[in-house]
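No value in this document is a laboratory result; all are computed from the given coordinates. This one's a predicted model, so the numbers in the text were calculated from it and none came from an experiment. Here Cβ is always computed from backbone atoms with ideal geometry, including for glycine, and neighbour counts include all displayed protein chains.
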Amino acid sequence: MTHAVNRLNLSSIIVGFLLAVTLFLQNTFTFTPLMRQLLLILVCLPFTLYAQADFKKNVVYGELAGAANFYSINIERSVAAGINVRFGIAAKPGELFLIPGLAYLKPIGDNEDRFIEIGAGLTNTIARKAAFKYDFSGYMNFGYRKEATEYNPIFWRVTFTPLLFRDPYPAAGFMGYLLPWFGVALGYGF
């Protein structure tokens, strides 16, 4: 399988997105110096994007744990070389979760369908309960994924997904919570 690699310089879009996420998170959450250094490293990473000519542009998948904290059904579309947009939905009694997100994919190894994923997004909660404390949370994805190809339409990924909860009633300057989390996804590309 020959995979032509087209290098596109879209790093300004990604860096701008990561800067916007960083500014949002700094204004919403209390960060330790180590967490600020990690965000700075992520923003300053050199990005080179690759075309995905042999891959399916759309993927539908189920995710356990991950951005919704328990399970979700998602659709993801490749909108540019190395850039995927995600929308997911999850529900439990009295609550509905809407999960938009954006991911950058960096190819690794000799297999041209394996990627490192770096992404971020929000988990918006719509709840019937009047006393629901967390109305939305942010999430980030750092993971390994196998893309669906023309020859194998199965998609899977494993991610470290830290969840960032905003507290709408902050006490003593404490604006939110960080929950180290993970996610496992399996789906079909079309």
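Summary table
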quantity	calculated
Estimated FRET transfer efficiency (Ile116, Tyr177; beta-carbon r; R0 22 Å; 0.05)	0.25
R0 of 30 Å, Cβ-Cβ distance Phe70-Ile108: FRET efficiency to nearest 0.05	0.55
Gain in span if fully extended, Arg77 to Ile154, counting 0.36 nm per residue against the direct Cα distance	26.2 nm
Residue order, fewest to most beta carbons within 10 Å, for Arg166, Arg77	Arg77, Arg166
Order of Tyr188, Tyr151, Tyr139 - criterion: other Cβ atoms within 10 Å of each residue's Cβ, fewest first	Tyr151, Tyr188, Tyr139
Fewest-first ranking of Leu179, Leu122, using other Cβ atoms within 10 Å as the exposure measure	Leu179, Leu122
